[in-house]
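The structure under discussion appears below in the form of structure tokens.
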Amino acid sequence: MIEDFFKYQAQTSPHPLAMEISHAKGSYIYDTEGNEYLDFVAGVSANTLGHQPKRVNDAIKTQLDLYSHVMVYGEYAQQPATQFCKLLASLLPEPLNKTYLVNSGTEAIEGALKLARRVTGRSQLISCHHAYHGNTMGSMSVMGFEERKQIFRPLIPDVDFITFNNESDLDKITTKTAGIILETIQGGAGFIQPENDFLLKVRQKCNEVGAIMILDEIQPGFGRTGKLFGFQNYNMIPDVVVMGKGMASGMPVGAFTASSEMMNLLSHDPKLGHITTFGGHPVIAAAALATLQEITETNLMQETLEKEQLFRELLIHPLIKEIRGKGLMLAVMTESPEITNQVILECHKKGVILFWLLFEGKAIRITPPLTISKEEIKKGCGIILEVLNTITL
């Protein structure tokens, strides 16, 4: 399988881990040689309920026996998608009450950027340095990392950048600004949280000039920070919420939510203002609905904060400089990218899956399933500390 993997499947990096997968269950992934790996990454924050969650699998199987794809998005009323959007609206603050379902987070970003321009009639978009919002041309245009995008220029025009948590930069948001897009917690940059009511101050500035505030909740969303969405920790409400990753327990999905008044503009002048063939796919929507029900009907969100505290208590070592993030969206910071690489690769050999962040080379990603047990956390942290003890500077 490895030979075919490299021969027939396009690669995203020169040296992928290339583990041959046999199966996965709960907090573990198994390779074809019978080795088990404790998963501290959850498919990069996607497998919210672990691997093969029964409630989600049952919902998928039930829906498969009823119908799968029947029509392009928005033409037919299909129960899983309708129920999901209704439940989501009941859990979000007003006026966030109408949702557009798509296939991925980056597609949801595209829709949100278009919506900002449609609502305001303006063109300027503002993002943050070191931001990551996806890799399609529009979402790449608001990526704040020139090295990753310069080869693909020209991208969409009239995009400017500010520094996350820098209040003086907010003067760049003006009556020419259609929208500002922010990650609630900066992901690729190292799980940087907003400070000193930064998000609230952005909200107030957008109110002053009539700009749309878009929050990218693709990683923090669906319980990972102890709230359903990360912004609920920061005493403010955005105009548009973008979601994906953990939304359907590892199934491919994305969405953006705003007020009915705003979302209804996508249906006219021009009509079909945003379209997708497979967005709202009934099987995927059934998985998203089951995921949302499980998150909100259990204690998983509350337990996320308890598990965060356990990680912080256990991961104390001279080579660990700090732990950033919130809930089960954590970045363990070492002194250098070399140490981080060694920890990730050696832990993999010892049966714990860790991963990198996009732009911050010193960060070790820890984003396990919300369902991970405290015993599994203790086991995995023990292996991390064991590996750290073998590293000499």
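The values are calculated or read from the model by the stated rules, or taken from the named source; none is laboratory data. Treat the numbers as computed from the prediction; the structure is a model and nothing was measured. Note: ideal-geometry Cβ built from the backbone for every residue, glycine included; neighbour counts use all protein chains shown. The protein model used for the area step is the full one, side chains on, heavy atoms only, and it has no ligands, DNA or RNA in it. Shrake-Rupley method; radii C 1.70, N 1.55, O 1.52, S 1.80 Å.
Residues that are touching an Asp or Glu at 6+ places or on another chain (Cβ under 8 Å) number at least 3 in the following strands (runs of 3 or more DSSP E) confined to the range 145-246: 177-183, 212-216, 240-243. Against the test of being under 14 Å from the mean Cα position of the chain (by Cα) and surrounded by 21 or more Cβ atoms within 10 Å (Cβ to Cβ), the options 144, 188, 226 yield a single qualifying residue, 188. Across the range 26-56, the number of residues qualifying as in a loop (DSSP other than H, G, I, E, B), closer than 22 Å to residue 104 by Cβ and either open to solvent by 40 Å² or more (accessible area, probe 1.4 Å) or in contact with a Lys or Arg (Cβ under 7 Å, 6 or more places away or on another chain) (or both) comes to 3.
In the range 319-332, the qualifying residues are those that are open to solvent by 10 Å² or more (accessible area, probe 1.4 Å) and touching a residue at least 60 places away in the same chain (Cβ under 8 Å), and the one that is farthest from residue 227 (Cα to Cα) is 319.
Exactly one residue out of 181, 218 is closer than 21 Å to residue 330 by Cβ and either in contact with a helix residue (DSSP H, G or I) (Cβ under 8 Å, 6 or more places away or on another chain) or modelled with pLDDT of 95 or more (or both), and it is 218.
Only residues that are among the basic types (Lys, Arg) and in contact with a Leu (Cβ under 9 Å, 6 or more places away or on another chain) were counted across the range 1-60, and they come to 1.
The residues in the range 304-317 that are without any contact (Cβ under 8 Å) to a residue 24 or more places away in the chain and part of a loop (DSSP other than H, G, I, E, B) can be counted, and the count is 1. Restricting attention to the range 112-123, the residues being surrounded by fewer than 24 Cβ atoms within 10 Å (Cβ to Cβ) and either farther than 18 Å from residue 183 by Cα or touching a strand residue (DSSP E or B) at 6+ places or on another chain (Cβ under 6 Å) (or both) number 7.
For the range 2-24, the count of residues that are within 20 Å of the chain's Cα centre (by Cα), among the small types (Gly, Ala, Ser) and at pLDDT 95 or above is zero.
If you check 96, 87 for being under 21 Å from residue 243 (Cβ atoms), touching a residue at least 12 places away in the same chain (Cβ under 8 Å) and open to solvent by less than 20 Å² (accessible area, probe 1.4 Å), only one passes: 96.
Being of a type outside the set (S, T, N, Q), over 24 Å from the mean Cα position of the chain (by Cα) and at pLDDT 95 or above, is that true of even one residue in the range 55-63? Checked against the condition, which is being of a type outside the set (S, T, N, Q), over 24 Å from the mean Cα position of the chain (by Cα) and at pLDDT 95 or above, the range 55-63 yields at least one hit. Reported count of residues in the range 258-303, each being in a loop (DSSP other than H, G, I, E, B), out of contact with any strand residue (DSSP E or B) (no Cβ under 9 Å at 6 or more places or on another chain) and open to solvent by less than 70 Å² (accessible area, probe 1.4 Å), is 3.
Restricting attention to the range 1-25, the residues being within 30 Å of residue 289 (Cα to Cα) and open to solvent by 30 Å² or more (accessible area, probe 1.4 Å) number 4. Those residues that are open to solvent by less than 10 Å² (accessible area, probe 1.4 Å), out of contact with any Lys or Arg (no Cβ under 7 Å at 6 or more places or on another chain) and not in a loop (DSSP other than H, G, I, E, B), I need them from the range 345-383; list them, please. Passing the criteria: 347, 352, 363, 364, 366, 380, 381. Please go through the range 325-362 and give me each residue that is under 23 Å from residue 12 (Cα atoms) and either among the hydroxyl-bearing types (Ser, Thr, Tyr) or within 17 Å of the chain's Cα centre (by Cα) (or both), ordered by number. Once the filter is applied, which keeps residues that are under 23 Å from residue 12 (Cα atoms) and either among the hydroxyl-bearing types (Ser, Thr, Tyr) or within 17 Å of the chain's Cα centre (by Cα) (or both), the range 325-362 yields 331, 340, 354, 355, 356, 357, 358, 359, 360. Determine whether the range 380-391 contains at least one residue that is touching a Leu at 6+ places or on another chain (Cβ under 6 Å) and among the small types (Gly, Ala, Ser). Yes - at least one qualifying residue is present in the range 380-391.
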